[in-house]
Amino acid sequence: MVWEFILRLSVAALLGAVIGLDREYRAKEAGLRTHFLVSMGSALFMIVSQYGFTEIFGKPGMSWDVSRVAAQVVSGIGFIGAGSIIIQKQFVRGLTTAAGLWATSGIGLAVGGGMYGVGIAAALLTLLGLEIMTLLFRKLTIHSSAITFSTPDVSNLQKVMAEIHARDYYLVSYHTDVIALGEREMYRVNLIVKTKGYSDNNQLVKFIQDLPGVTIDSME
């Protein structure tokens, strides 16, 4: 059984690594190594849960429930998932990464239990949800962006607001600081806007960048 266990660990680690590569490519908080370890560790816990206590099985006064260790993995992975969630300004980042870690732990548990087909199918479906569905529904999803820019020309602020309203974007928040630079004034604007996809967001950023005297300080 030792080689069978090693095979299960290897398959679980490989599937976790494949999902981790996708997250690594997207520069997410949890990448290849995290998903690799979560999947392999979950498989290990499942193997230990099923076969690690065979010596006490059947002894008087001893009970053996193979599902208890696996159940604790589902609860424990929540702490890792919570660590990948970041609340920044009015955004909540990392929810998809946390859900991916949760799914990866389930894949590890399935493979650790010898359910290779289920584990592989779940890994493929996870990648489908992370990548292919994102590409298919990119134009339909709502994308939130935080943009900070500076300009000495107050008319640029009016032009940006007019562009946002003309494109029917939803303005979540808008804040302007006036910074004195000698005899001039610099307007620093922080805005959060919801667009109808990444392409619309890029168009808004390009519009702001093309305005004379505008400097983009940050984008999220």
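Quote the FRET efficiency, to the nearest 0.05, computed for Thr215 versus Trp102 with a Förster distance R0 of 35 Å and r equal to the Cβ-Cβ distance.
With R0 = 35 Å, the Cβ-Cβ based efficiency is 0.30.
Each label point was placed 7 Å from the Cα along the Cα-to-Cβ direction; for Phe207 and Gln72 their separation is 5.6 nm. Label positions at Lys159 and Glu183, each projected 7 Å from the Cα along the C-beta direction, are separated by 2.4 nm.
List the aspartates and glutamates whose alpha-carbon lies under 20 Å from that of Lys196, not counting same-chain residues fewer than 8 positions away? Straight-distance partners of Lys196: Glu131, Glu163, Asp168, Glu220. Placing +1 on the Cβ of every Lys and Arg and -1 on the Cβ of every Asp and Glu, with no other charges, gives the range 1-47 a dipole of roughly 100 debye about its Cα centre.
Only the coordinates and a few stated rules stand behind these numbers; no lab work does. Note that the structure is a prediction, hence the values are computed from the model and not measured. Positions of Cβ are generated from backbone atoms using ideal geometry, with glycine treated the same way; all protein chains shown enter the neighbour counts.
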